[in-house]
Amino acid sequence: MNRPELKTSRASSITLTGRPDFEAIAGWVKPGSSVLDLGCGDGLLLKYLHEHHKARGYGIEISDANVLACVQTGVNVIQSDLERGLAGFDAGTFDYVILSQTLQAMRHAEEIVLEMLRVGRQGIVTFPNFGHWEARLQILGGRMPVSSDLPYQWYDTPNIHLCTVHDFEAFCKSHAIKILERIVLHGGRKVSLLPNLLGSLAVFRFEKEI
Amino acid sequence: MSEARYNTDSVGAVIPQTMHIDVPLAFKSGAVLDRYDLVYETYGTLNAAKSNAVLVCHALNASHHVAGWYTDDPGNIGWWDNMIGPGKPLDTNRFFVIGVNNLGGCFGTTGPSSINPRTGKAYGSTFPVVTVEDWVIAQAQLADRLGIGCFAAVLGGSLGAMQALQWSLCYPDRIRNAVIVAAAPQLSAQNIAFNEVARQAITTDPDFHGGDYYAHGVVPRRGLRLARMIGHITYLSDDAMMEKFGRTLQSGAINFHFDVDFAVESYLRHQGDKFAEYFDANTYLLITRALDYFDPAQSTSGNLSLAMAHAKAKFLVVSFTSDWRFSSERSREIIKALLDNRLDVSYAEIDAPHGHDAFLLDDARYHALVRAYFDNIDTAI
């Protein structure tokens, strides 16, 4: 009796467990909207947004394995290098352009944020907060920070543009970007007290200042 | 079932069939063909709902013989046998696959070497100049007669991919998925230039006789041979050729003559000779012209996005990094047009060294991708 039900619920229940930044993003994306997910990985977020918010969209990925995973999942994916920008996309094409956990690894970090707001009406970024107290403490101790959010050694890290919550806010201010919402997380929970010190993962939603 | 699923056997011995079509075909050029034959092969079984049919379109020099072999010619293996069969990326355990020789062809389908019933002679130079649209219309006639209202997918590489793209425009309600491999939205000036050299090689051959060489009992073999040689160069990458032949000398030394010194020369001559044995020169002219004329954006002042507005299918687009004939940039033009129309599309750029021919080769990443895409195509609609 239970078996068919189990099968059905399995097929349609995608969870974002373990990705609190995705949960925050999913809470923001309005039903039926169009989404471009830059560095979409295996397509989990897009699949979730499609199933739970009727969102339509595309992911961009550079890795062969992730492109294959997206096709297996049935998520639209375009294999492309974000460092080359979003030249294939016209201005104002998407409701949201999302860049999760990728900004800090991009060579052209400034350009991609501006590209996000050219192509999308709103941008959403998530990044590890370099201002978290653990990082600060390790630097005070004379070493580059290594933690669960920043698990790399200085010599093998893909993260070349790390920033703090305050750094990103200053960036937005200097680039005429209006921050619409901000969630700072640690251990999957929202941090409201001293977020730049106690939060390890930042999630921002923003648009162009008019 | 799971055992059969990953049993990557061939579809086995196959038998080509002929469909006589009595509905006149009005070509884009204005010419009309009262009746014609299409030669085709099928693999797998059409399901009761007739919803699992996949049409495979061929490129320049291929045919309806897509997979399997012939009992009387077991060495003649289908041109896409590595892609299509039981347990293969396009799995004939799930899909009913059709390969068809296009109009103007030389493998049994009505073409320039066929007898024109009005004259009792080969069509030769009088065969209408055929376009990709004309092919697609003829393919739809075949689908009608096989009882297929809507294809689960139309799939092709190179010129075959252009037909799949054209299907999404001509018959948006008769194609659920278009798989576009190693394609371009139209030829570049350089592409046309290569085709023109090939055609000039054929038409300036003294044995061409204005296209009516059949009556003279000759074939413009030298021209066809040269056409194939120049074409073949464009299918391979510089690296792939260097890897395969390098500067290897056939006899170990240069001989201060103009006969074969280098291995690559021997290879090209062999390819040319082989091709001239079985391919019809007029068909070569027609097919290169169909390539030149293919341009879905022609009717929308060059705006491909506007041209694609009629399409409804889902798309998988695949290109290969070393393909300089139809580079990845050309596939990105197609992607842009599909994105502009908010169509479902996935695009992969496969890092492969073989050039344009990569679409025919057995590349694990490429085949895994096509397999994954077809796995998600619902055959039970």
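How big is the gap, in Å, between the Cα center of the range B:235-267 and the Cα center of the range B:56-123?
32
Tell me the per residue accessible area of the protein assembly as shown using a 1.4 Å probe; a whole number in Å² is fine. Spell out each step's value before the answer.
Details: 26340 Å² over 591 residues.
Counting only protein heavy atoms, the per-residue value for the protein assembly as shown is 45 Å².
Over chain A, with a Gaussian network built from C-alpha contacts below 10 Å, which listed residue (A:THR102, A:THR126, A:THR17) shows the highest mean-square fluctuation?
Taking springs between Cα atoms under 10 Å, the residue moving most is A:THR17.
Using modelled backbone amide H atoms (1.01 Å from N, in-plane), which distant-in-sequence or interchain residues come within less than 5 Å of B:ASN116's amide H?
It is B:LYS121, B:ALA122, B:TYR123, by chain and number.
With a 1.4 Å probe, how much accessible area is buried between chains B and A, both sides summed, in Å² to the nearest hundred? Can you show the working numbers first?
On the way: alone 16430 and 11720 Å², together 26340 Å².
That pair of chains buries around 1800 Å² in total.
Accessible area of B:MET229, 1.4 Å probe, to the nearest 10 Å²?
40
Which order do you get for B:VAL23, B:VAL11 if you rank them by accessible area with a 1.4 Å probe, largest at the top? Don't skip to the answer; put the middle values down first.
On the way: B:VAL23 60, B:VAL11 40 Å².
In descending accessible area the options line up as B:VAL23, B:VAL11.
Quote the relative contact order of the range B:1-110 in percent (integer), defining contacts as alpha-carbon pairs under 8 Å separated by 6+ residues. Could you put the intermediate results ahead of the total?
Working: 234 pairs, mean separation 38.4, N = 110.
Relative contact order of the range B:1-110: 35 percent.
Excluding A:GLY43 itself, what net charge comes from residues whose Cβ is under 10 Å from its Cβ, given Lys and Arg +1 and Asp and Glu -1? Write out the running numbers ahead of the final one.
Numbers: positive: A:LYS47; negative: A:ASP37, A:ASP42, A:GLU61.
So the surrounding residues net to -2.
B:THR131's amide H: which non-local residues (gap 5+, or another chain) put their own amide H closer than 5 Å, with H modeled 1.01 Å from N in plane and none for Pro or chain starts?
Those qualifying (amide H under 5 Å, at least 5 residues apart or on another chain) are B:LYS28.
State the three equivalent ellipsoid semi-axes of chain A, derived from the C-alpha gyration tensor as the square roots of 5 times its eigenvalues, in descending order and whole Å.
Numbers: eigenvalues 156, 94, 61 Å².
Listed largest to smallest, the semi-axes of chain A are 28, 22, 17 Å.
What does the C-alpha gyration tensor say about the overall shape of the range B:283-327? Classify as rounded when a/c is under 1.5, otherwise prolate if a/b is larger than b/c, or oblate. Could you put the intermediate results ahead of the total?
Details: a/c = 1.94, a/b = 1.17, b/c = 1.66.
Because a/c hits 1.5 or more and a/b fails to exceed b/c, the range B:283-327 counts as oblate.
How high is the relative contact order of chain A, in percent, counting Cα pairs under 8 Å that sit 6 or more residues apart? Don't skip to the answer; put the middle values down first.
Values: 393 pairs, mean separation 37.3, N = 210.
Relative contact order for chain A comes out at 18 percent.
What's the local net charge at A:SER33, with K and R +1, D and E -1, over the other residues with C-beta under 13 Å away? It would help to have the intermediate numbers written out before the result.
On the way: positive: A:LYS30, A:LYS54, A:ARG56, A:ARG121, A:ARG205, B:ARG342; negative: A:ASP37, A:ASP95.
Local charge sum for A:SER33: +4.
Find out how many positive minus negative residues lie around B:ASP173, taking Lys and Arg as positive, Asp and Glu as negative, among other residues whose Cβ is under 14 Å from that of B:ASP173.
+3
Going by the alpha-carbon gyration tensor, a ≥ b ≥ c the square roots of its eigenvalues, is the range B:1-157 rounded (a/c under 1.5) or, if a/c is not under 1.5, prolate (a/b greater than b/c) versus oblate? Before the final figure, lay out the partial values.
Details: a/c = 2.44, a/b = 1.74, b/c = 1.40.
It comes out prolate by the Cα gyration axes.
Please list 3J(HN,Hα) in residue order for the range B:254-267, calculated via the Karplus relation 6.51 cos²θ - 1.76 cosθ + 1.60 where θ = phi - 60°; whole Hz, with x for glycine and proline.
Along the range B:254-267, the couplings run 7, 10, 6, 8, 10, 7, 5, 10, 8, 4, 5, 5, 4, 4 Hz.
Relative contact order (percent) for chain B, with alpha-carbon contacts under 8 angstrom and 6 or more residues of separation?
Details: 787 pairs, mean separation 66.4, N = 381.
The value is 17 percent.
If you filter the range B:88-179 for trypsin sites (Lys or Arg not before Pro), then keep DSSP loop positions with at most 11 other Cβ within 10 Å, what is left?
Numbers: sites: B:ARG94, B:ARG118, B:LYS121, B:ARG145, B:ARG174, B:ARG176; in loops: B:ARG94, B:ARG118, B:ARG174, B:ARG176.
Sites meeting the loop and neighbour criteria: B:ARG118.
Amide H to amide H, which residues 5 or more places from A:VAL77 or on other chains are under 5 Å from it, using H placed in the peptide plane?
Answer set, sorted by chain and number: A:GLY59, B:SER346, B:TYR347.
For the pairs A:LYS208/B:LYS336; A:LYS173/A:LYS208; B:LYS312/B:LYS336; B:LYS28/B:LYS312; B:LYS88/B:LYS312; A:LYS47/A:LYS208, flag any whose C-alpha to C-alpha distance is greater than 20 Å. Don't skip to the answer; put the middle values down first.
On the way: A:LYS208/B:LYS336 24 Å; A:LYS173/A:LYS208 10 Å; B:LYS312/B:LYS336 15 Å; B:LYS28/B:LYS312 23 Å; B:LYS88/B:LYS312 27 Å; A:LYS47/A:LYS208 27 Å.
Beyond 20 Å: A:LYS208/B:LYS336; B:LYS28/B:LYS312; B:LYS88/B:LYS312; A:LYS47/A:LYS208.
Is it possible to state the helix-based mean residue ellipticity at 222 nm for the protein assembly as shown, with each DSSP H run of 4+ residues giving -39500 (n - 2.57), the sum divided by total residues, to the nearest 500 deg cm²/dmol? What is it?
Details: 19 runs with 199 residues, N = 591.
Result for the protein assembly as shown: -10000 deg cm²/dmol, rounded to the nearest 500.
Starting at the first residue of the range B:149-158, write each ³J(HN,Hα) from the Karplus equation 6.51 cos²θ - 1.76 cosθ + 1.60 with θ = phi - 60°, in whole Hz, x for Gly and Pro.
x, 9, 7, 4, 7, 10, 10, x, x, 6
Among rounded, prolate and oblate, which fits chain B when a ≥ b ≥ c are the square roots of the eigenvalues of its C-alpha gyration tensor, a/c under 1.5 means rounded, and a/b larger than b/c means prolate?
Numbers: a/c = 1.41, a/b = 1.19, b/c = 1.19.
It is rounded, given that a/c, with a ≥ b ≥ c, falls under 1.5.
The values are calculated or read from the model by the stated rules, or taken from the named source; none is laboratory data. These numbers were taken from a predicted model, which means no experiment stands behind them. For neighbour counting, all protein chains shown are included, and Cβ atoms are generated from backbone atoms with ideal geometry for every residue, glycine included. Surface accessibility is based on the protein's heavy atoms, side chains included, excluding ligands, DNA and RNA. Shrake-Rupley method; radii C 1.70, N 1.55, O 1.52, S 1.80 Å.
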